[in-house]
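Colleague: To start, I am sharing the structure in question, which I have written as C-alpha cells.
The values are calculated or read from the model by the stated rules, or taken from the named source; none is laboratory data. Not measured: the values here are computed from a predicted model. Cβ placement follows ideal geometry from the backbone for every residue including glycine, while neighbour counts extend to all protein chains displayed. Side chains are part of the model used for accessible areas, which takes the heavy atoms of the whole protein and leaves out ligands, DNA and RNA. Shrake-Rupley method; radii C 1.70, N 1.55, O 1.52, S 1.80 Å.
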Amino acid sequence: MTRKRLGFFTRLLDDVPAKERYRLATEQIRHAERYGFDTAWIAQHHFHEREGGLPSPLVFLAHIAAYTTRIRLGTAIITLPVENPLRVAEDTAVLDLLSDGRLEVGFGSGGTPTSFLPFGLTINERAATFADHLHLINSAWRGDSLAHPDNHLYPPAPGLTERVWIATFSVEGAVRAARQGHGLMLSRTQPRPPDNLALPLDAIQNPIIDAYLDALPSGVAPRILASRTAFVADSDAYALKVAEPGLTRQAQQHQAAGHALTGDTVTDYIGQFDAHIGAPQTVLASLKQDSVLARATDISFQVHSVEPSHQDTLHSIELIAEQIAPQLL
C-alpha cells in the first residue's frame, strides 16, 4: 500500500503584522520540511485578515521555493472566480519551473460573500465563473491556442493538469472534480445539519469520497486530501490551555453566524469543531476514530483555530512528525 503524504497547512493567522506573518509561516514550512513533511499548503483570503493573512499565494510560494528544496508546495485554495485565469495559468507555470516541479494547485470557489464585490462579482455568480476559469486554465496548460492560432502559454506547463485539486463540501462538487481527473480536497470541518449537530465529520465526508471514487475515470488514480485541525503538545493540560482562547473565539463567531453549539467549555468545542488536541497519544487516538483518514491519499494538519504561539506550532510539527505520522500513515 502506498504511504500517505503528510502535509502542513497554514492560513497565516499569527497575531502579528503581515510581514511578520509571512516570516513565521516561512519558518514553519521550512521546519516541516526538516521534519520530513511531504507537502506544505497555504490559503488565499482577500481583505479579511482575521480569516486569513495572504491574498497572493503564488507570490508567497515563489518565496518559499527559494528557501526549500524538497517539500511540495500547494495552494489550498486559490479563490478562482475572482482571478484572471490566464494570469493564474502563467504564474503557476513560472512558479512550477522555479520550484523544480514541486507545485500542487488547489482551487475553490470561495465563501466570503463581501469579498467578491470588489472584483465585480456576487457570490451567486461564483459557480459558473469557477467552471469557466478552470476550463480556460486547463486549456492553457495543455497548450491549446488562446483566442488566436499564434497564442500559446509560455512557459508551457502540461504537467500541471495532473496536479489540480478541487475543494468542495458537496457530493456534486466531488463528482465534477472526479470526472475531470482532479484531486479532491476535504476541509477540516463542515457545517452539520440543524437536526443532527452531533453527526461525525466522517459521516459527512465519506459519501463525498464515495461519489468521487465512483465518478473517477478508469485508470485515473484517486487523490484525496483530508485537512484536519491538530495541535499536539507535551501534555493534554497544556494543549487545552493553549487551545481555549482560539476555540472560544471560533465558538463566538460560529454562534454570531447563526449556528448552534452545545456546551460552553473548550472540551465541548473540540468535538463540534473536529479538532484533535492534546498529547501525542491523545491526538493519535482521536485521529484513529476518523475513518476518512484511512481513505485519504494525503493528510494535512493545521493548528487553526487553536492559534498557538509560533514556538508551540513548531513543537506541534515536531510531535506530529515523530509520534503521530509513523502510526497514522
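Colleague: With +1 assigned to the C-beta of every Lys and Arg and -1 to the C-beta of every Asp and Glu, and no other charges, what is the dipole magnitude of region 1-61 about the Cα centre in debye, to the nearest 20?
Modeller: Dipole about the Cα centre, nearest 20: 280 debye.
Colleague: With springs only between Cα atoms under 10 Å apart, run a GNM on the chain and tell me which of Leu184, Leu146, Leu287 wobbles the most.
Modeller: Looking only at Leu184, Leu146, Leu287, the largest GNM fluctuation is found for Leu146.
Colleague: Taking 0.36 nm per residue of separation and subtracting the Cα-Cα distance, what length does fully extending Asn151 through Arg70 add?
Modeller: Here the answer is 25.8 nm.
Colleague: To continue, here is another question. Provide the FRET efficiency to the nearest 0.05 for the Ser309-Thr267 pair, computing r from the beta carbons and using R0 = 25 Å.
Modeller: 0.70
Colleague: Compute the FRET efficiency between Asn196 and Thr248 as 1/(1 + (r/R0)^6), taking r as their Cβ-Cβ distance and R0 = 30 Å, and round to the nearest 0.05.
Modeller: The formula returns an efficiency of 0.80 here.
Colleague: May I ask for the net charge around Ser286, where only other residues with Cβ less than 14 Å from the Cβ of Ser286 are counted and Lys, Arg are +1 while Asp, Glu are -1?
Modeller: Result for the local shell: -1.
Colleague: With springs only between Cα atoms under 10 Å apart, run a GNM on the chain and tell me which of Ala18, Ala260, Ala131 wobbles the most.
Modeller: Result for the chain, Cα springs under 10 Å: Ala260 fluctuates most.
Colleague: Quick one: compute the contact order of the chain, relative version, from alpha carbon pairs under 8 angstrom and 6+ residues apart, as a percent.
Modeller: Over the chain, the number comes to 18 percent.
Colleague: Ok, one more. Counting helices only, and only those DSSP H runs with n ≥ 4, report the 222 nm mean residue ellipticity of the chain as the sum of -39,500 (n - 2.57) divided by its residues, in deg cm²/dmol to the nearest 500.
Modeller: -12500 deg cm²/dmol
Colleague: Same structure again: Gap in Å between the Cα centre of region 158-220 and the Cα centre of region 131-148?
Modeller: If you average the Cα positions of each part, the centres end up 24 Å apart.
Colleague: Among the lysines, which fall within straight-line cross-link reach of Lys241, defined as a Cα-Cα distance under 24 Å, with same-chain neighbours fewer than 8 residues apart omitted?
Modeller: Straight-line reach from Lys241, under 24 Å: Lys288.
Colleague: Still on this structure, I have one more. Find which of Ala296, Ile204, Ser56 sits farthest along the positive direction of the dipole of the chain, computed with +1 on the beta-carbon of Lys and Arg, -1 on that of Asp and Glu, about the Cα centre.
Modeller: Value computed over the given set: Ala296.
Colleague: Let me ask another. Efficiency by 1/(1 + (r/R0)^6): what FRET value for His135 and Asp100, r their Cβ-Cβ distance, R0 = 35 Å, to the nearest 0.05?
Modeller: Computed FRET efficiency for His135 and Asp100 comes out at 0.80.
Colleague: Now for a different question. Which one, Ala215, Ser109, Ile78, is farthest towards the positive end of the dipole of the chain when Lys and Arg carry +1 and Asp and Glu -1 on their Cβ?
Modeller: Ala215
Colleague: Mind checking the angle between helix 126-142 and the chain's longest principal axis? C-alpha axes, 0 to 90 degrees, to the nearest 10.
Modeller: The angle comes out at about 60 degrees.
Colleague: What is the angle, in °, between the Cα long axis of helix 18-34 and the longest principal axis of the Cα atoms in the chain? Nearest 10 is fine, range 0 to 90.
Modeller: Once rounded, the angle reads 80 degrees.
Colleague: Next up: Per residue, how large is the accessible surface of region 133-261? Use a 1.4 angstrom probe and give square angstrom.
Modeller: That works out to 50 Å² per residue.
Colleague: Quick one: putting +1 on the C-beta of Lys and Arg, -1 on the C-beta of Asp and Glu, what dipole do you get for region 260-308 around its Cα centre, in Debye to the nearest 20?
Modeller: 220 debye
Colleague: Just to be sure I understand: with springs between alpha-carbon atoms less than 10 Å apart, which residue in Ala177, Ala230, Ala128 has the highest mean-square fluctuation in the Gaussian network model of the chain?
Modeller: Ala128
Colleague: If the only charges are +1 at each Lys and Arg Cβ and -1 at each Asp and Glu Cβ, what is the size of the charge dipole of the chain around the Cα centre, to the nearest 20 debye?
Modeller: 420 debye
Colleague: As I understand it, the value is the acute angle between the Cα axis of helix 57-67 and the longest principal axis of the Cα atoms of the chain; what does it come to in degrees, rounded to 10?
Modeller: So the inclination is approximately 80 degrees.
Colleague: In addition: How many angstrom lie between the Cα centre of region 74-102 and the Cα centre of region 257-312?
Modeller: 30 Å
Colleague: Of all accessible surface on the chain at a 1.4 Å probe, what whole percent is carbon and sulfur?
Modeller: The C+S portion of the solvent-accessible surface of the chain is 54 percent.
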